[in-house]
Amino acid sequence: MGIKTAIVTGSSSGFGLLSVIELAQKGFTVIATMRDTNKAEPLLKLAKEKNVAQLIDVTSLDVTSTESIYHFQSLLDKYTSIDVLVNNAGFALGGFSEELTLDSYRSQFETNFFGVIAVTNAVLPYMRAKRRGRIINVSSISGKIGFPGLSAYTSSKHALEGYSESLRLELKPFGIDVSLIEPGSYQTNIWQSVGTLQIVGTSPYHSYMKTILTEMEQGKVNHGDPKHVAQLIAKIASQAKSPELRYPIGKGVRINLILKNTLPWKFIEVVFAKKLKL
């Protein structure tokens, strides 16, 4: 069947960068996309260290731009097949709902949700033509459980979860699998926009946000190694059998999901109130 091709969005850092390396090490030709290719140096450096640079094609792609996606799609004809798509591009917007603008919510959804749909629709014709493929959407524990101060991010990931469920059912007849990765907290830069939030003293949520940011900072010592998520992505992409729909990963993630699915919501409220000293 020859060398397989994988696409990874948001590959300039974090899960995306490491997933490119892991996929290349498994023999994939990897189209590593990023909005700004000037940020490719860390990826290319690591690729050289791992002796897989020849398997990586760095390509510009802004998942929120129709023009960029159209141009990207035109480049795919040169590949024999498109076997795997890893929808990883995303960011986390922090702030309390009342204090966020609708444009802020729209920006969050443009990348984390609509960007996934746009790139997936651009790639699907190539997968359907071969009647095979794997789509791996990087979600989050936030796609299953709501967190205060993260309503925009959480809702975008909840939307991604529902979309992926429907998409998996739609694509099964074409031999295309859809899976969700649901990481907990990891050592990536996705939380930078949350952690650098300014705490405005006049905000009615001032003390609440301060407590949340303190909790996030203290929790960094328990953040997992993002390489483990990348390894899971590469495993799903390359395994022979059809993958599962959901793959929760990270410290405490599975137990949190079990509690969410089995206990009354009032219990969740009590846990948050105790943890955040409300």
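If you check Leu197, Leu276, Leu263 for being surrounded by 11 or more Cβ atoms within 10 Å (Cβ to Cβ), modelled with pLDDT of 85 or more and at negative phi, only one passes: Leu263.
Looking at the range 94-113 only, could you name the residues that are more than 16 Å from the chain's Cα centre (by Cα) and not in a loop (DSSP other than H, G, I, E, B)? Steps first, please.
First pass over the range 94-113, keeping only residues more than 16 Å from the chain's Cα centre (by Cα): 94-106.
Selection gives Gly95, Ser97, Glu98, Glu99, Leu102, Asp103, Ser104, Tyr105, Arg106.
Do you know which of the residues in the range 114-145 that are assigned to a loop (DSSP other than H, G, I, E, B) and among the hydroxyl-bearing types (Ser, Thr, Tyr) is farthest from the chain's Cα centre (by Cα)? Only one residue fits best here, namely Ser140.
Restricting the range 224-244 to residues that are touching a residue at least 60 places away in the same chain (Cβ under 8 Å) and loosely packed, with under 14 Cβ neighbours inside 10 Å, which is farthest from Ala24 (Cα to Cα)? The residue in question is Glu244. Only one entry in Ile255, Ile268 is surrounded by fewer than 11 Cβ atoms within 10 Å (Cβ to Cβ) and modelled with pLDDT under 95, namely Ile255. Among residues of the range 122-162 being more than 28 Å from Ser74 (Cα to Cα) and of a type in the set (Val, Ile, Thr), the one that is surrounded by the fewest Cβ atoms within 10 Å (Cβ to Cβ) is Ile145. Just one of the listed residues (Ala122, Ala118, Ala159, Ala129) is over 19 Å from Gly184 (Cα atoms), touching a Phe, Trp or Tyr at 6+ places or on another chain (Cβ under 9 Å) and not aromatic (Phe, Trp, Tyr), namely Ala122. Candidates are the residues of the range 77-122 that are in contact with a Gly (Cβ under 8 Å, 6 or more places away or on another chain) and among the hydrophobic types (A, V, I, L, M, F, W, C); the one that is nearest to Lys26 (Cα to Cα) is Val84. For the range 35-57, the set of residues classified as of a type in the set (Asp, Glu) and surrounded by fewer than 14 Cβ atoms within 10 Å (Cβ to Cβ) consists of Asp36, Glu41, Glu49, listed by residue number. Tallying residues that are of a type in the set (D, E, K, R), surrounded by fewer than 22 Cβ atoms within 10 Å (Cβ to Cβ) and closer than 22 Å to Leu180 by Cα within the range 72-121 yields 1.
The values are calculated or read from the model by the stated rules, or taken from the named source; none is laboratory data. The shown structure was predicted, so the numbers you read here are calculated from the model rather than taken from an experiment. No Cβ is skipped: glycine too gets one built from the backbone with ideal geometry, and neighbour counts run over all protein chains shown.
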